[in-house]
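Single-structure report; data block below.
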Amino acid sequence: MNKKNEVSKGLRSLLSNIEKTNNPLERNNLVRELTNSIALISPEVIEVNPFQPRKDFDTDQLMELAKSIKSSGLIQPITVRSVGGNKYQLISGERRLRASKMAGIKEIPAYIRVANDQEMLEMALVENIQRADLNALEIAISYQRLMDECNLTHEALSDKVGKDRSTITNYVRILKLPAQIQSSIKEGKLSMGHARALAGIDNLALQIKLFKETVDNGHSVRALEQLIKSYQTTKPSSHPSESKKDGNTPEIRKIKDEISLMLGTAVDIKRDSAGKGMITISFKTDKELNNIMERLRKDN
């Protein structure tokens, strides 16, 4: 029996024991264990919550997320509720679920909850956040779960975990970073300070470029912040005519960002008034070039 099946069997056993027990203390311990366990579940057995207020999702953004998931996997698990018979109902993460289906993912990571476990969920997640061995991404996911699943605002969460509201906000922001940056945080290649600095960059291509420079050169947080500052003060053009001359319209910038995300590297596009242009793909090492080629072959 492989490890994945062992994990699934263990979680099924946990769910079964929770349903059977009438002992409050035993149930609390089982729920606490389940709260911090991750299962691999087929998207086909997960039904969307009919009370989900959000109905419309941006197709282009879903496509971008699907490509990211196909390339790097789903970093942040969804949360579901067991409804019996190997069926689950989505609690949070519909955008991630939809994108995973678009990417053709057969199994996705999920936290499983049971009915009437709100108080224990809060207690288990708050206790989990206090652990010393958590990386910044794991803390961010726990904060987001507390807000999503326990209906807490940033202020309420701040009081519950004894952290400043700005600290909560900074952690949650890193969940919006591209998957490859989140993976580096999870692997310990980037600190929370690095993540916070990168999360403040609006331009996706620049964000990825500076991320790669930081990892490749082992930049400290201070060095990264100085690098960001230098780009912000020297790169933007103060003359609208220059942007027009280079074809650097909002539409072109969006295309640059999309290509950068697909290839995992900085991309530049220059175009003249007649519509002719050139796409430049940046790389620094043979390894980066090979990675770009692998991504291009996948898309074909």
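Order by neighbour count: 147, 278, fewest other Cβ atoms within 10 Å first, most last. Kindly include the intermediate steps, with their values, before the conclusion.
Values: 147 17, 278 10.
Ranking 147, 278 by Cβ neighbours within 10 Å, fewest first, gives 278, 147.
For 145, 271, which order do you get if you count the other beta carbons within 10 Å of each Cβ and list the fewest first?
Numbers: 145 25, 271 16.
By the 10 Å Cβ count, ascending, the order reads 271, 145.
When the chain is fully extended, how far beyond the present Cα-Cα distance does residue 134 get from residue 72, taking 0.36 nm per residue of separation?
In short, 20.2 nm is gained.
Going by how many other beta carbons lie within 10 Å of each one, how would you line up 283, 57, 211, fewest first?
Details: 283 17, 57 12, 211 25.
Ranked by crowding around the Cβ, least crowded first: 57, 283, 211.
Checking the a/c ratio against 1.5 first, then a/b against b/c, what shape does the Cα gyration tensor give for region 73-207? Show your work: numbers first, answer last.
On the way: a/c = 1.99, a/b = 1.16, b/c = 1.71.
It comes out oblate by the Cα gyration axes.
Between their Cα atoms, which of 212/284; 212/276; 67/176 are more than 19 Å away from each other? Show your work: numbers first, answer last.
Values: 212/284 10 Å; 212/276 30 Å; 67/176 15 Å.
Pairs exceeding the cut-off: 212/276.
Once R0 is set to 41 Å, what does the formula 1/(1 + (r/R0)^6) return for the Cβ-Cβ distance between residue 127 and residue 276, expressed as a FRET efficiency to the nearest 0.05? Walk me through the intermediate numbers first.
Numbers: r = 61 Å, r/R0 = 1.48.
In this case the efficiency is close to 0.10.
Label residue 217 and residue 155 with points 7 Å out from Cα along Cα→Cβ: what is the distance between them in nm?
Using points 7 Å along Cα→Cβ, the separation is 4.3 nm.
Values in this text are rule-based calculations from the coordinates and carry no lab data. Given the structure is predicted, the values throughout are model-derived calculations rather than measurements. When we count neighbours, we look across all protein chains shown, and the Cβ atoms used for this are built from the backbone with ideal geometry, even at glycine.
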